[in-house]
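The values are calculated or read from the model by the stated rules, or taken from the named source; none is laboratory data. Since the model is a prediction, treat every value here as computed from it, not as a measurement. With ideal geometry, Cβ positions are generated from the backbone for all residues, glycine too; neighbour counts draw on all protein chains shown.
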Amino acid sequence: MKKTLWVVLAIVAVVVIYAWSSYNSLVKADESINGQWAQVETQYQRRFDLIPNLVNSVKGIMNQEKEVFENLANARTHYAGAQTPESKVQAANEVESSLARLLVVVENYPQLKSSENVQTLMVQLEGTENRISVERNRYNDEVRDFDTMIKRFPKNVVASMFGFSEREYFQAAIGADQAPQVNL
């Protein structure tokens, strides 16, 4: 009888330790996703802070492209007002679309390309977009790892017991695969 009791207690202890360990690893993975999303937002904020200063330095040269700058300003305003990750993604996609149009305009005007301010703008925009892309990829990697973790048995049992559910990947906006059109 004592031996059976010890076996049952040992099994219960193993299950409790596994559940505890699994819960802690799920919390860590969930927080890792939150931290990585914060990195994405940090890069969005960098873009949000940097672009107006750079654009203002180029604006005088590009007065004829007023609409491009207005679209960019409107997109930035939408981003500033976005509250959820999904609305921030949509607003960030608007900013990216406006930036793409700006770059097309610059490419179509060789005299603008030769301006040092425009070159600086282009380099900074490229660097900023690359940083955002890297952070988005890292975010998606974290989401993939977490989603895989909560789907595998037996951790899926612990995940469902404590309410952990799949997280959404960052996805490009519809139409992002199409080159932007600029009508001058």
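Quick notes
- Inter-residue pairs, beta-carbon under 7 Å, first touching a residue at least 40 places away in the same chain (Cβ under 8 Å) and in region 148-159, second in a helix (DSSP H, G or I) and β-branched (Val, Ile, Thr), 6+ apart: 159/150
- Qualifying residue in region 71-94 (condition: at pLDDT 75 or above and in contact with a Leu (Cβ under 8 Å, 6 or more places away or on another chain)): no
- Every pair of residues 6+ apart whose Cβ atoms lie under 7 Å, when the first sits in region 135-146 and is within 17 Å of residue 47 (Cβ to Cβ) while the second is charged (D, E, K, R): none
- The one condition in (1) modelled with pLDDT under 85; (2) more than 23 Å from the chain's Cα centre (by Cα); (3) of a type outside the set (Phe, Trp, Tyr) that residue 41 fails to fulfil: (2)
- Any chance residue 106 is at pLDDT 80 or above and of a type in the set (A, V, I, L, M): no
- Inclusion of residue 129 among residues that are under 27 Å from residue 159 (Cα atoms) and either modelled with pLDDT under 80 or of a type outside the set (A, V, I, L, M, F, W, C) (or both) is not warranted.
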